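Shown next, in structure tokens, is the structure this report addresses.
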Amino acid sequence: MSHRRMQTSILIAGAGPAGMAAACAASESGARVTLIDLSPTAGGQIWRGAKPSGKLSKQWFERFAKAAPERIQSARIVSAEPEARKLLAELPGNESIAITYEKLILATGARELFLPFPGWTLPGVVGAGGLQALVKSGLDVRGKRVVLAGSGPLLLAVADLLREREANVLLIAEQASSATVNRFGLKLASSPGKLAQAIGLRARLASISYLTGCWVASAQGDGCLRRVQVQQDGRRWTVDCDYLGTGYGLVPNTELAEVLGCSRTCLGVTVDDLQRTSVEGVYCAGEAAGIGGVDKSLVEGVIAGYSATDNPGAAQALFVERARTHKFAKLLNTTFALRAELRSITTPETIVCRCEDVRLSEFDAREGWRDAKLQSRCGMGRCQGRVCGPAVEFLKGWKSSPAKPPIFPARVGTLVADDEVES
Amino acid sequence: MPNEIEITINGGQVRVERGTTVAAAILQAGITSFFHSPSGEPRAPLCGMGVCYGCMVTINGETGVLACQTVCAKGMKVVTE
Amino acid sequence: MSQVPDVIIAGAGIVGAACALELAQGGAKVAVYDKGVVSGGASAAGMGHLCVMDDSEAQFQMTRYSLDLWSRISPTLPPSAAHIHCGTLWVAADEEEMAEARRKCDFYRPRGIPAEVLDAKQLAEAEPNLRPGLAGGLLLPADSVLYQPAVARWMLDEACKLGATVHTNQSIAAIEDDGLHMADGAITAGGRMVNATGAWAGQLTRNTAVKPKKGHLMVTERAPDFCFHEVVELAYIKSSNSGATEAVAFNVAPRPTGQVLIGSCRQLGVWDPEIDRNILNKMLRRAIEYMPGLAQLRGIRTWTGFRAATRDSLPLIGPCPGYENVWLATGHEGLGIGICTGTAKVLAAQMLGTPCEIPVDGYLPSREAARNA
């Protein structure tokens with residue numbers, strides 16, 4: 001194992017839109033910036049693969065290239081020492097790195113919320129964002145039959161990408177009601193840019209069946225996905241398909257923030273108007289501070305970058321723009337809130353914890369997350385509750401336990417690699 | 001620089017476009033199961049972003065590597081369970 | 001109108017659960033109360049080690065008796081108990097520790113405890129992942145490991161079949177002769193009360209000299225065939241009994257899933273439940289010294305727990321000094337999982353005034369006063 005140490009001024013955890021924006025703002029202010037991310041490339045989920053396709057992403061990638069912050073890629077942050085302002089990360093090839101910083105900006109983004117249903121563990125059932133990620137990282141979907149199901153505009157964005165890559169998108173099943181979705185469409189009128197985007201998207205997807213008040217009740221197949229059972233208004237029917245991309249919204253990735261001691265709510269890391277967390281020297285921007293879409297991530301990233309480089313004036317100039325994005329975020333989150341009926345798609349036999357194969361029925365006699373974890377081992381697997389935790393919270397109302405180190409599974413040797421030991 | 005590289009998956013040669021992740025390459029090769037859960041169910045990528053631990057494979061002898069976060073490199077030996 | 005329970009047990013950890021089952025089997029109407037969930041205290045955190053120990057005659061008697069009782073219960077345990085008969089392997093790093101291994105072997109064998117001294121070669125065969133250069137060890141094949149949260153739950157379920165009731169998430173302020181004085185001011189009346197609240201025991205009854213001894217554990221991803229026994233360094237005993245308030249010792253155990261549990265450490269008098277990076281890392285480094293291959297395994301989770309430590313490292317089982325109707329079943333330090341069975345018998349015998357299969361004097365809470373008199 002090889003271990004190295006480095007120091008930087010502004011360390012940014014996460015190279016998605018918020019991290020990229022923060023890196024630009026901080027670099028342009030003259031600071032030494034280091035950007036660390038667990039992906040091999042920048043862009044996060046929404047701009048995956050660093051191949052900018054839209055106008056917005058092109059602009060930002062150009063700005064990012066000019067800012068040229070130092071990058072540490074394919075790195076998993078596994079532990080933190082906030083008092084020493086140090087993060088420890090594991091790299092491929094048995095390597096590790098300890099980074100000491102003056103200021104830390106958390107741009108750790110979000111992950112998809114998965115609701116368990118019969119057959120959801122079948123190969124071929126992927127996240128909606130997950131399918132987007134796989135396609136952008138080289139999966140050929142030409143001619144493949146795809147059903148998208150879940151909630152939110154992400155389904156449309158993924159459908160757009162799949163259409164572009166010549167997949168055969170058979171259906172987009174949106175759980176929100178048509179009334180709710182139409183209201184959302186009308187409200188978009190107040191932001192012309194968004195409306196134009198939506199209209200363009202609608203046109204491109206015109207040939208794809210888009211059903212509201214609709215969801216997937218089960219996935220079926222022998223060892224891999226062959227078909228899904230779709231439900232709408234009490235009607236059920238079957239759709240043969242090769243992939244099901246399913247995602248019911250986003251969950252902020254707050255684990256690193258929690259281990260650092262930052263206050264948070266169920267909505268995300270708590271920040272003030274300068275994107276400062278409750279821990280001195282630590283900032284947070286983007287989805288980790290609250291789900292809200294790329295525009296929110298970008299403006300919050302820039303504010304955090306200016307804030308961390310002692311440039312509050314430049315930060316304040318963006319408050320109005322940020323307020324606009326927060327208004328949109330609120331609209332987004334209320335529109336696509338999950339309906340209570342979705343709790344019924346998880347049957348007693350459905351596996352809820354994929355890492356440990358724990359079924360919903362094993363929670364019947366349980367009193368809460370801790371009791372369930374101790375008795376069924378749910379949440380004790382490698383994903384450390386990242387998948388099952390939010391699902392169980394939706395199904396049972398139980399909040400999962402706070403994150404503890406290691407923040408991701410980490411080699412025991414990595415965890416001690418930075419220790420100063422007297423020989 | 002050629003646009004395609006060769007790796008092996010479960011002993012079989014596979015050509016992929018440069019920049020393809022191991023997860024995409026495995027699915028492309030028609031392999032649907034990456035490993036098995038404690039009760040023996042086949043498992044495959046779910047989140048695509050390195051947090052669900054659903055895409056673990058052995059790469060060049062190292063076990064438990066996340067295929068969706070690993071870009072294919074020439075000569076890589078990938079083994080699914 | 002529900003009747004007042006004959007016995008109220010405060011603490012739904014494995015000790016409280018074992019006592020509840022024993023007393024219910026004896027015909028008592030038992031109610032168990034806990035400030036949290038079943039098995040939520042030290043019982044959530046421990047390694048689940050069932051072992052024989054010989055630091056003192058009283059400790060040996062209790063651990064041996066308890067193992068006998070476990071061997072009778074084991075066939076009836078549910079699959080979730082995951083009871084693996086892996087044995088304990090005490091590792092000797094040098095000749096001094098080897099002498100200790102031989103001494104223990106000579107102590108155990110005549111007393112019916114299967115024991116075998118291993119030389120360096122045999123040690124390496126028994127646990128190939130131990131580093132070369134160790135002197136040997138002591139194998140105790142009758143020791144075992146189980147998953148105690150499931151066992152505590154099972155014990156309480158069995159007690160409930162006999163009419164016991166379990167009340168979780170009930171904050172208790174104090175235990176008095178008339179019952180549990182709850183945090184909200186109510187009194188839960190009971191005939192006799194048992195304080196089985198572990199590290200918190202001293203907060204609920206007077207004359208209960210129990211201090212927390214914090215421990216950390218880490219569990220790795222699946223690593224089948226990495227280790228086969230509960231492996232412990234012999235120096236562990238030195239560390240746990242020494243006056244030092246903080247110590248680490250090499251201690252690993254396999255789980256049926258193939259995951260490896262890595263311990264152990266102790267910090268006396270510490271109440272902070274957060275992971276302490278410094279001592280955790282010290283513990284991990286010690287573990288890597290003994291099993292270098294651990295460095296390559298991936299740790300998935302870490303957690304802490306509070307053992308209940310007494311001055312002489314023996315549990316407090318018997319009448320609580322200064323009370324008429326209050327009993328103690330606490331102070332089990334790191335052995336609570338193993339000796340909960342013996343504890344239940346020792347407590348029940350005293351409460352019923354029946355003879356006990358082992359002498360009880362060594363565990364009487366009044367021994368502290370007697371010592372000071």
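All of the numbers you see were taken from the coordinates with simple rules; none came from a lab. Small disclaimer: the values here were computed from a predicted structure and weren't measured. As a convention, Cβ positions derive from the backbone with ideal geometry for all residues, glycine included, and neighbour counts pool all protein chains shown.
Using the alpha-carbon positions of the stretch C:1-142, Rg (one decimal) and Dmax (whole number) come out as 19.5, 69 Å. Of all beta bridges that DSSP places with both ends in chain A, some 45 percent have antiparallel geometry. Overall dimensions of the stretch B:4-79, expressed as equivalent-ellipsoid semi-axes from the Cα gyration tensor (√(5λ), whole Å, largest first), are 20, 13, 11. Three principal axis extents describe the C-alpha atoms of chain A; from largest down they are 65, 53, 37 Å. For the protein assembly as shown, adding -39500 (n - 2.57) for each run of n ≥ 4 DSSP H residues and dividing by the number of residues yields -8500 deg cm²/dmol at 222 nm. Among the chymotrypsin sites (Phe, Trp or Tyr not before Pro) in the stretch C:227-316, those located in a DSSP loop and surrounded by at most 13 other Cβ atoms within 10 Å of their own Cβ are C:Trp271. Using the Cα centre of the protein assembly as shown as origin and beta-carbon charges of +1 (Lys, Arg) and -1 (Asp, Glu), tell me which of C:Ser66, A:Pro82, C:Met283 is placed farthest towards the positive end of the dipole. In the protein assembly as shown, that residue is A:Pro82.
Per-residue shielding of A:125-137, expressed as the average number of other chain Cβ atoms within 10 Å of the residue Cβ, stands at 6. When every Cα-Cα distance of the stretch A:253-402 is counted in 10 angstrom steps from zero, the calculated P(r) takes the values 11, 32, 28, 19, 9, 1 percent.
Pull up the DSSP beta bridges for the protein assembly as shown and report the antiparallel fraction as a percent, rounded to 5. Antiparallel bridges make up about 60 percent of those DSSP assigns within the protein assembly as shown.
Give me the distance between the Cα centres of the stretch A:82-125 and the stretch C:326-373, rounded to whole Å. The distance from the Cα centre of the stretch A:82-125 to that of the stretch C:326-373 comes to 48 Å. For the stretch C:327-373, the percent of C-alpha pairs falling in each 10 Å distance bin, counted from 0 to the bin holding the largest distance, reads 24, 54, 22, 0. Peptides C:27-34, B:2-9, A:153-160, A:105-112 ranked from most to least packed give A:105-112, C:27-34, A:153-160, B:2-9, packing being the mean of other C-beta atoms within 10 angstrom over each peptide's residues.
Using the average count of surrounding beta-carbon atoms within 10 Å as a protection proxy, the listed peptides A:324-331, A:389-396 rank, highest first, as A:389-396, A:324-331. Taking square-rooted eigenvalues a ≥ b ≥ c of the alpha carbon gyration tensor, is the stretch A:1-140 rounded, prolate or oblate, where a/c under 1.5 means rounded and, failing that, a/b exceeding b/c means prolate? Here the stretch A:1-140 falls in the oblate category. Scalar couplings 3J(HN,Hα) for the stretch A:36-42, obtained by applying the Karplus form with A = 6.51, B = -1.76, C = 1.60 to θ = phi - 60°, are 10, 8, 7, 7, x, 9, 7 Hz; x denotes Gly and Pro. Each residue of the protein assembly as shown gets 185 Å³ once the volume of the Cα convex hull is shared out per residue.
So what is the diffusion coefficient of chain C in µm² per second by Stokes-Einstein at 10 °C and 1.306 mPa s, using a Kirkwood Rh over Cα pairs?
For these conditions, the coefficient is 76 µm²/s.
Too long at a 28 Å Cα-Cα cut-off: which of A:Lys327/A:Lys396; A:Lys404/C:Lys211; A:Lys55/A:Lys330; C:Lys29/C:Lys213; A:Lys144/A:Lys194; C:Lys211/C:Lys345? The answer is A:Lys327/A:Lys396; C:Lys29/C:Lys213; A:Lys144/A:Lys194. Take every pair of alpha-carbon atoms less than 8 Å apart whose residues are at least six positions apart; their mean separation over the length of chain A yields a relative contact order of 19 percent. Farthest towards the positive end of the charge dipole of the protein assembly as shown, among the residues A:Gly30, C:Leu217, C:His83, is the Cα of A:Gly30, using unit charges on the Cβ of Lys, Arg, Asp and Glu.
In this structure the amide hydrogen of A:Val358, modeled in the peptide plane, comes within under 5 Å of the amide hydrogens of A:Val352, A:Cys353, none closer than 5 places in sequence on its chain. For chain C, averaging the sequence separation of C-alpha pairs within contact (under 8 Å, six or more residues apart) and dividing by the residue count gives a relative contact order of 23 percent.
Set Lys and Arg Cβ to +1 and Asp and Glu Cβ to -1, take the dipole of chain A about its Cα centre, and tell me which of A:Ile97, A:Ala391, A:Trp215 lies farthest positive. The residue sitting most towards the positive pole is A:Trp215. Taking square-rooted eigenvalues a ≥ b ≥ c of the alpha carbon gyration tensor, is the stretch A:116-247 rounded, prolate or oblate, where a/c under 1.5 means rounded and, failing that, a/b exceeding b/c means prolate? In terms of gyration-tensor shape, oblate.
Derived scalar couplings between HN and Hα for the stretch A:5-15 equal 10, 8, 10, 8, 8, 10, 9, 10, 9, x, 10 Hz in order, rounded to whole Hz, by the Karplus curve 6.51 cos²θ - 1.76 cosθ + 1.60 (θ = phi - 60°), x for Gly and Pro. Nearest 5 is fine: what % of DSSP beta bridges in the stretch A:116-247 come out antiparallel, could you say? Of those bridges, close to 40 percent are antiparallel.
Taking GluC sites (Glu not before Pro) that fall in a DSSP loop and have at most 15 other Cβ atoms within 10 Å as cut points, what is the longest piece of chain C between them? Maximal segment without exposed cleavage sites: C:1-273. A convex hull fitted to the Cα coordinates of the stretch A:341-396 yields 67 cubic angstrom per residue.
Phi-derived couplings, Karplus 6.51 cos²θ - 1.76 cosθ + 1.60 at θ = phi - 60°, listed residue by residue for the stretch A:233-247: 6, x, 8, 10, 8, 9, 10, 6, 7, 9, 9, 10, x, 10, x Hz, with x used for Gly and Pro. Take every Cα pair under 8 Å whose residues are at least 6 apart in sequence, average their separation, divide by the length of the stretch C:1-134, and the relative contact order is 15 percent.
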